[in-house]
Structures are given as C-alpha cells and as structure tokens.
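Comments concern the structure below.
The values are calculated or read from the model by the stated rules, or taken from the named source; none is laboratory data. Just so it is clear, the model here is predicted, and its values are computed rather than measured. Heads up, the Cβs are rebuilt from the backbone with ideal geometry, glycines too, and the neighbour counts pull from every protein chain shown. Ligands, DNA and RNA are stripped out before the accessible areas are found, and what is left, the full protein with its side chains, is counted by its heavy atoms. Shrake-Rupley method; radii C 1.70, N 1.55, O 1.52, S 1.80 Å.
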Amino acid sequence: QVQLVESGGGLVQPGGSLRLSCAASGSIFRINSMGWYRQGPGKQRDFVASITSGGGANYADSMTGRFTISRDNAKNTVYLQMNSLKPDGTAVYYCNADGLLSNRSYFRNAWGQGTQVTVSS
C-alpha cells in the first residue's frame, strides 16, 4: 500500500552536486523515519542518512559535512542534497520509510526502485 519513487539522479562530475527526492504515496496515515541508502557496483547496500518526523538527522561518517537530508512532511517527501560528490558516490540510491497506514497498521522497510547516480569526468 506504500509506494516510494526516487528521482533526481544522473551524471555529475566529481565535485559537483545533485539533489535527490523521494515521494511516498498510498494509504498512508503517518510516516515516521525516512532514509537514504546506496549500493555501488559489486557492493552491499549501505546506509547514507536518515531523518525522523521531527527533523532529527543521522549520517554515515563518509557523508557528514557534504550531504544534507531534509523532508517535507506535508508532501511525504524526503530529500538528499549531495555536494562535493566523489567517484565512490557512484551508486543506486534507494529511499526507505516506515510509519502507519490508513488502517493504523504499521509498515516498515518500504523501499523505492532507486535512482542511479554516476560521478565521473
């Protein structure tokens, strides 16, 4: 009943910036935490950043100071501003969310299909 759609990926040069978006839709009563994960070629899916409904944010160490996560609760949307991108940032970026459905049942580990980010000159 929950659909997450990521957008904003693309090709960017090292040192450049991208802003990713993830919009949630469906029979949603409330979204609690939202987050971003990424999976590079031949690698496992790793945590990037997360944000609570109150705006508290956490970041992976390698992203701290360069990436910023934010959300618009009214639009059920989470964003990831990525600055000073490095080649190792090349990956598929996935959105994740948990919360309550309209029937008040709990949902967790809802995933989008991902958006490709390629950092290359």
Within region 26-57, tally of residues that are closer than 22 Å to GLN116 by Cα and either among the β-branched types (Val, Ile, Thr) or under 15 Å from the mean Cα position of the chain (by Cα) (or both): 14
Region 8-17, residues that are outside any loop (DSSP other than H, G, I, E, B) and open to solvent by less than 60 Å² (accessible area, probe 1.4 Å): GLY10, VAL12
Residues (without any contact (Cβ under 8 Å) to a residue 40 or more places away in the chain and more than 14 Å from the chain's Cα centre (by Cα)) located in region 74-113: ALA74, SER105, TYR106, ARG108
Members of region 1-16 found to be more than 11 Å from the chain's Cα centre (by Cα) and of a type in the set (A, V, I, L, M), listed by number: VAL2, LEU11, VAL12
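Out of region 74-121, which residues are assigned to a helix (DSSP H, G or I), open to solvent by 40 Å² or more (accessible area, probe 1.4 Å) and more than 19 Å from GLN1 (Cβ to Cβ)?
ALA74, PRO87, ASP88, listed by residue number.
Tally the residues that are within 21 Å of VAL92 (Cβ to Cβ) and open to solvent by 60 Å² or more (accessible area, probe 1.4 Å), restricting the search to region 18-33.
1
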Condition check for ALA60: open to solvent by less than 60 Å² (accessible area, probe 1.4 Å) and touching a helix residue (DSSP H, G or I) at 6+ places or on another chain (Cβ under 7 Å): no
Near pairs, Cβ below 8 angstrom, 6+ apart or cross-chain, from region 44-63 (farther than 17 Å from GLY89 by Cα) to any residue that is polar (S, T, N, Q) and assigned to a helix (DSSP H, G or I): SER53/ASN73
Selection within region 38-51 - open to solvent by less than 60 Å² (accessible area, probe 1.4 Å) and of a type outside the set (A, V, I, L, M): ARG38, GLY40, SER50
Residue check for LEU4: in a strand (DSSP E or B), within 22 Å of TYR106 (Cα to Cα) and at pLDDT 95 or above: yes
